[in-house]
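This report concerns only the one structure given below.
The values are calculated or read from the model by the stated rules, or taken from the named source; none is laboratory data. All of these numbers come straight from a predicted model, not from anything done at the bench. Cβ atoms come from the backbone with ideal geometry, glycine included; neighbour counts cover every protein chain shown. Each accessible area value is taken on the protein alone, full model and side chains, heavy atoms only, with ligands, DNA and RNA left out. Shrake-Rupley method; radii C 1.70, N 1.55, O 1.52, S 1.80 Å.
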Amino acid sequence: GLRAGLRIVDEDADGVDRAFREDVLRGLAQRQKAVPSRWFYDEAGSRLFEDITALAAYYPTRAETEILARRGSEIAGLTGEGRAVVEFGSGSSAKTPHLLRAIAPAAYVPIDISGDFLRKSSAALAADFPGLAVFPVEADFTKPVELPGLVAGLPKLGFFPGSTIGNLVPPTAVDLLRSMRATLGDGSQLLIGLDLIKDPAMLVAAYDDAEGVTAAFNLNLLDRINRELDGDIPVAAFRHEARWNDSLSRIEMHLVAGSDVDFEVAGQPFAIRAGESIHTENSHKYEPRGSTMLLLAGGWTPLARWTDSQERFSVVLAEA
Ligand code: AVI
């Protein structure tokens, strides 16, 4: 059954998300312009991301789903029975059902900052798992979250699929892992997806698909800024670019200006020169030892690690 959750909002009188405006105004004033990737996910952006996960070139979703589908009983053998599964960022994905079927948890607690999305995906999941107690929590999981009292006594299994951890620079990723450790408590485990370092051509193709879906996803950020922050950015003057940054082991997405452009956002003037870019996303890739170091720094000791049949993606089980 589905239980009620809590709501959180931070909008000013115009209904503008304060954090969005601050991030955009600060980021556009930098020498290397940048907007944090978390602002991709408005309604259109979330739909485009779902489309990305179905692209032939975007391997992470299929590779991770393969791991969870094939390794369910091994994972269950290490987690044991009766844990509460706490998912950070409730996915509308096919991944969660694989995990829930494999480990038969005592409860499922999806945590997401978007209440609408949380309620929809929780209701769909509760319908598919009629015997499972589902406790959605609307919260920002980058900070420690208080879990519902009814799961307080249960050992927890955190679930953070999708290599979303890769969208954070390592110090921020470590902070997040530590917050998850605080949320989940002693005796908890964490099952986390991390994308692997591989041939840069394959990586760039995954982030610059021939169909142009990732380009539309990236450019949608400019439409969102124009719409929600009263901007006049000429979107057509920008093109999508995905670059492999080898020294920092990450794919970077940029919006590159094709000509010199002046524009305004929220009443503030900005200028960008032809060839300069707005940096919109990092997607860090890890080799096994790098992921071990990251997890250890975040308070988690790896117990087991699985990869897909083509060794493109990894899922790690770690303990507190
Ligand atoms: C959500 N995140 C893990 C995706 C990634 O692969 O870094 C976001 C994405 N950006 C472009 N394509 C997918």
Worksheet entry | D186 vs. criteria more than 12 Å from the ligand (Cβ to nearest atom), closer than 24 Å to G72 by Cα and either part of a loop (DSSP other than H, G, I, E, B) or touching a Gly at 6+ places or on another chain (Cβ under 8 Å) (or both) | yes
Worksheet item: Give me the pairs: first residue in segment 197-214 and over 24 Å from T307 (Cα atoms) and in contact (Cβ under 8 Å) with a residue 12 or more places away in the chain, second residue of a type in the set (D, E, K, R) and in a helix (DSSP H, G or I), beta-carbon distance under 7 Å, and six or more apart or on different chains, which are they?
Response: V213/D51
Response to the item:
Residues of segment 285-317 being in contact with a Gly (Cβ under 9 Å, 6 or more places away or on another chain), part of a strand (DSSP E or B) and open to solvent by less than 10 Å² (accessible area, probe 1.4 Å), in sequence order, are F313, S314, V315, V316
Fill in: Flag for L157 being within 16 Å of the ligand (Cβ to nearest atom), outside any loop (DSSP other than H, G, I, E, B) and modelled with pLDDT of 95 or more
no
Worksheet item: So which of V174, V145 ends up being more than 16 Å from the ligand (Cβ to nearest atom), β-branched (V, I, T) and more than 24 Å from L303 (Cα to Cα)?
Response: V145
Worksheet item: Say we look at segment 213-237 and pick out the residues that are more than 16 Å from the ligand (Cβ to nearest atom) and not in a loop (DSSP other than H, G, I, E, B); which of these is most open to solvent (accessible area, probe 1.4 Å)?
Response: R227
Response to the item:
The condition from (1) in contact with a Pro (Cβ under 8 Å, 6 or more places away or on another chain); (2) within 16 Å of the ligand (Cβ to nearest atom); (3) part of a strand (DSSP E or B) that G162 misses is numbered (3)
Worksheet entry | segment 47-92, residues that are acidic (D, E) and part of a helix (DSSP H, G or I) | E50, D51, E64, E66, E74
Worksheet, complete the sentence: Note on segment 238-247: residues in contact (Cβ under 8 Å) with a residue 12 or more places away in the chain and away from the ligand (no atom under 14 Å from the Cβ) are F238, R239, D246
Discussion item. Among the residues that make up segment 45-54, is at least one of them touching a strand residue (DSSP E or B) at 6+ places or on another chain (Cβ under 9 Å) and under 25 Å from L168 (Cβ atoms)?
Written reply: no
Worksheet item: Which one of these does M202 not meet: (1) more than 16 Å from the ligand (Cβ to nearest atom); (2) hydrophobic (A, V, I, L, M, F, W, C); (3) part of a helix (DSSP H, G or I)?
Response: (1)
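Listed here are the residues, each with its yes/no results for (1) of a type outside the set (G, A, S); (2) within 13 Å of the chain's Cα centre (by Cα); (3) surrounded by 15 or more Cβ atoms within 10 Å (Cβ to Cβ).
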position	(1), (2), (3)
W39	yes, yes, yes
R47	yes, no, no
E64	yes, no, yes
F88	yes, yes, yes
L99	yes, no, yes
D116	yes, no, no
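One line per residue, one yes/no per condition, for (1) within 12 Å of the ligand (Cβ to nearest atom); (2) touching a residue at least 40 places away in the same chain (Cβ under 8 Å):
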position	(1), (2)
I52	yes, yes
Y59	yes, yes
L68	no, yes
L78	no, yes
G82	no, yes
G89	yes, yes
A94	no, no
R101	no, no
P110	no, no
Discussion item. Just to be sure I understand, how many residues within segment 29-46 are within 13 Å of the ligand (Cβ to nearest atom) and either touching a Lys or Arg at 6+ places or on another chain (Cβ under 9 Å) or assigned to a helix (DSSP H, G or I) (or both)?
Written reply: 6
Worksheet entry | Residues of segment 15-37 classified as touching a residue at least 24 places away in the same chain (Cβ under 8 Å), of a type in the set (G, A, S) and out of contact with any His (no Cβ under 9 Å at 6 or more places or on another chain), total | 2
